[in-house]
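One structure below.
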Amino acid sequence: MDVRTVDHPLAKARLTVMRDARTDNATFRAALHELTVMLIYEALRDAPVRTERIHTPVARTEGYALANPPLLVPVLRAGLGMADQAHRLIPEAQMGFVGLARNEETLEPTPYMESLPASLAGRPVFVLDPMLATGGSMEYTIRLLTGRGATDVTAVCALAAPEGIRHLAESGLPVRLVTASVDERLNDSGYIVPGLGDAGDRQYGAV
Ligand SMILES: O=P(O)(O)OC[C@H]1O[C@H](OP(=O)(O)OP(=O)(O)O)[C@H](O)[C@@H]1O
Ligand SMILES: O=c1cc[nH]c(=O)[nH]1
Ligand SMILES: [Mg+2]
């Protein structure tokens, strides 16, 4: 599986704010917003563009636009904190939604919401979720997408565990990963180490 790690000093600095247990909810959300800009920027690096002739105030020249903007799919709750920033960078993108809560005993995702276009054939999709831990939630989401015909999926995650990357690679699903860090491992409770804790709780408070 193609894994791109965004290890720019600014990305590392934002991630450090997110990891720090002293960071309050509002500061965490702000750091995730800024990190999302960097992750989306990298995720689009090789995206096809279409050209168009434009006039500057001085001359005619060639202009560029995304040829096929991705569908953005935040995974609720935590992925909501990436949605607005991604949308600002790609204002022409459409957005779908998936709601999942991991069962903290079994670590299996429990779905509670989905709102996606009926057909995704020929459409790139960016799944937005800060955390790739066991990979179960991401696999569930990607299967919803491939079931609608998607063949080009990018998982955009602040943090990833090696176990989650292996899980996705072994699934054979058509996915690549853009992340700011591949951390060490999962602990016995399925949390990423060193990680940042529960990304939903860190943004919105414990449920
Ligand atoms: O790779 P996995 O082991 O499946 O874990 C990752 C999932 O866990 C978190 O969501 P959570 O279930 O805590 O829901 P929340 O966003 O509402 O807090 C995270 O945002 C992912 O969706
Ligand atoms: O470390 C983890 C693992 C799963 N979900 C989170 O929010 N954090
Ligand atoms: Mg959570």
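The values are calculated or read from the model by the stated rules, or taken from the named source; none is laboratory data. From a predicted model like this one, the values you see are computed outputs, not experimental measurements. Using ideal geometry, Cβ is built from the backbone for each residue, glycine included, and neighbour counts are taken over all protein chains shown.
The table below gives the values:
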| read-out | value |
| --- | --- |
| Some residue of segment 178-189 being within 19 Å of Arg29 (Cα to Cα), within 12 Å of ligand 2 (Cβ to nearest atom), touching a Gly at 6+ places or on another chain (Cβ under 9 Å) and in contact (Cβ under 8 Å) with a residue 40 or more places away in the chain | no |
| Filter result for Arg88 (of a type in the set (D, E, K, R), farther than 25 Å from Ala30 by Cβ and surrounded by fewer than 22 Cβ atoms within 10 Å (Cβ to Cβ)) | no |
| Yes/no for Ala155 being at pLDDT 95 or above, among the hydrophobic types (A, V, I, L, M, F, W, C) and part of a loop (DSSP other than H, G, I, E, B) | no |
| Evaluation of Ala47 against (1) modelled with pLDDT of 95 or more; (2) within 16 Å of ligand 2 (Cβ to nearest atom); (3) assigned to a loop (DSSP other than H, G, I, E, B) (one fails), failing number | (2) |
| Residue that is of a type in the set (A, V, I, L, M), more than 27 Å from Pro48 (Cα to Cα) and either in a strand (DSSP E or B) or out of contact with any Phe, Trp or Tyr (no Cβ under 9 Å at 6 or more places or on another chain) (or both), where the choices are Ala169, Ala206 | Ala206 |
| Top-ranked residue of segment 176-192 - restricted to ones that are in a strand (DSSP E or B) and farther than 17 Å from Val6 by Cβ, ranked as nearest to ligand 1 (Cβ to nearest atom) | Leu186 |
| Boolean, Gly135 is free of Cβ contacts under 8 Å to residues at least 60 places away in the same chain and either within 10 Å of ligand 1 (Cβ to nearest atom) or among the charged types (D, E, K, R) (or both) | yes |
| Segment 90-107 residues that are under 19 Å from Asp201 (Cα atoms), paired with ones that are surrounded by fewer than 14 Cβ atoms within 10 Å (Cβ to Cβ) and among the aliphatic types (A, V, I, L, M) (beta carbon under 6 Å, 6 or more apart) | Gly99/Met113 |
| Of residues in segment 42-90 being of a type in the set (Val, Ile, Thr) and farther than 19 Å from Thr179 by Cβ, the one farthest from ligand 1 (Cβ to nearest atom) | Val58 |
| Among the candidates Thr141, Thr146, residue that is away from ligand 1 (no atom under 12 Å from the Cβ) and more than 23 Å from Leu10 (Cα to Cα) | Thr146 |
| Pairs where the first residue, in segment 162-174, is within 10 Å of Ala133 (Cα to Cα) and the second is in a loop (DSSP other than H, G, I, E, B) and hydrophobic (A, V, I, L, M, F, W, C), C-beta under 8 Å, 6+ apart | Glu163/Ala133; Gly164/Ala133; Ile165/Met1 |
| Failed condition for Ala93, given (1) within 16 Å of ligand 1 (Cβ to nearest atom); (2) among the small types (Gly, Ala, Ser); (3) farther than 22 Å from Gly195 by Cα | (1) |
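Matching residues to (1) within 13 Å of ligand 2 (Cβ to nearest atom); (2) out of contact with any strand residue (DSSP E or B) (no Cβ under 9 Å at 6 or more places or on another chain):
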residue: Glu163; (1), (2): yes, no
residue: Leu168; (1), (2): no, no
residue: Ser171; (1), (2): no, yes
residue: Asp201; (1), (2): yes, yes
